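The values are calculated or read from the model by the stated rules, or taken from the named source; none is laboratory data. Everything quoted here is computed from the prediction, not taken from an experiment. Heads up, the Cβs are rebuilt from the backbone with ideal geometry, glycines too, and the neighbour counts pull from every protein chain shown. For accessibility, only protein heavy atoms count, side chains too; no ligands or nucleic acids. Shrake-Rupley method; radii C 1.70, N 1.55, O 1.52, S 1.80 Å.
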Amino acid sequence: MATQLDIKRRIRSVKNTQQITRAMKFVAAARLRRAQERAVSARPYARAILRMVRSAALRAPEDAHALLRRRPEKRILLLAVSGERGLCGAFNSNVIRRTVEFLREHSAENPEIITLGRKIRDAMRKQAWKIVAEHVDITARLEPSRAAEIAKEVIAAYEADEIDAVYIVFNEFKSVLSQNLTLQKLLPIEPEQAAVGAVGTGHEDAHEKSHEPAVEYLYEQPPAELFGHLLPRYVQVQIFRALAESAAAEHAARMTAMDSATRNAGELIDKLTLYMNKVRQAAITKEIIEVVSGAASAG
């Protein structure tokens, strides 16, 4: 049986852990507010440029720009977005699991992967898949320039015919308690009609299922010149949005996990305190019995 001193040490240890989890919860809550504002503010522009690009791609010839060319998907590139740290529940494990599933499903297409986050990088290093680029600390210090750098790598590989399709998997922020694991196709550009029913995991965004009437565009500049600016911008914006959504979802998942850990620690402290009181009461009862027995023997 554990002594009172052992139980007190255990209670002290759990209290210290509770202080840490409570502090991590408050830090995650403070960071969540900024990350949520950034993710929500990025959505309207990302949705607008997505609709515009898909609508324009429906009318433009494939030779108008390299990113409009459609080829048989013999070589696939996957961008996987994860968190930089753990202690956020199943946030990272869900992304890793979906990434591995996707790579196995498309193993015949010679899949390659770009890891965006420390956790997915560490997990993929243990796998046999080909990693073409690694980016860490990207969601912790999210800036448009980082998304532009990744977009340049992806566009250069697609224009050089090194890959035939580009997908991205990430956790989309929905609320503090829920995140949607999303798989989105970035390249080639899906025309508006073909975009309905695009690749996904059952959690596709509503803006990816547009039912608005087709819009006719009048081009002032040559279409090739317009697409030369618009399509790279589209790729950059979609990558930035995925990173912003993942950052907000990570902070939300960490806040929820640390809140649960704090409450569990409180319950454990209560149980240990009750157990310590029982042990102390048993020791007092034993001493009383010994005193009474000794007095009776002496009498």
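Comparing 257, 163, 39 along the charge dipole axis of the chain, the residue lying farthest to the positive side is 257, per the Cβ-charge model. Just in region 128-183: which GluC sites (Glu not before Pro) are loop by DSSP and have at most 15 other Cβ atoms within 10 Å? Listed in order of number, the matching sites are 162.
With the helix formula -39500 (n - 2.57) applied to DSSP H stretches of n ≥ 4, the chain reaches a computed 222 nm mean residue ellipticity of -21000 deg cm²/dmol.
Run through every distinct alpha carbon pair of region 259-299 and return the Kirkwood hydrodynamic radius in angstroms, one decimal place. Every distinct Cα pair counted, the radius reaches 12.4 Å. When the listed pairs 126/174; 8/286; 130/174 are checked against a 22 Å cut-off, the alpha-carbon distance exceeds it for 126/174; 130/174.
Ordered by solvent-accessible area of protein heavy atoms (1.4 Å probe), largest first, the residues 268, 274, 183 come out as 274, 268, 183. Taking region 68-173, how much of its Cα-Cα pair set, in percent, is spaced more than 21 angstrom apart? For region 68-173, the share of Cα pairs beyond 21 Å comes to 34 percent. The mean sequence separation of alpha-carbon pairs under 8 Å and at least six residues apart, normalised by the residue count of region 1-124, gives a relative contact order of 23 percent.
A simple spin-label model places pseudo-atoms 7 Å from Cα toward Cβ; at residue 284 and residue 110 they are separated by 7.8 nm.
Per-residue SASA remark: residue 121, around 40 Å² accessible (1.4 Å probe; ligands, DNA and RNA not included).
Counting charges near residue 24 (Lys, Arg +1; Asp, Glu -1) among other residues having Cβ under 11 Å from its Cβ returns a value of +4. Most simply put, the chain has about 35% antiparallel DSSP beta bridges, counting only bridges with both residues inside it. Solvent-accessible surface of region 20-64, taken per residue with a 1.4 Å probe and all protein chains present: 56 Å². Ranking of 297, 13 by solvent-accessible surface, largest first: 297, 13 (1.4 Å probe, protein heavy atoms only, all chains present).
Viscosity 1.306 mPa s, temperature 10 °C: what is the translational diffusion coefficient of region 1-113 from Stokes-Einstein with a Kirkwood Rh over Cα pairs, rounded to a whole number of µm²/s? D = 81 µm²/s.
Counting every alpha-carbon pair across the chain, the share separated by more than 34 Å comes to 37%. The portion of the accessible surface of the chain made up by carbon and sulfur, rounded to a whole percent, is 54 (1.4 Å probe; DNA, RNA and ligands excluded).
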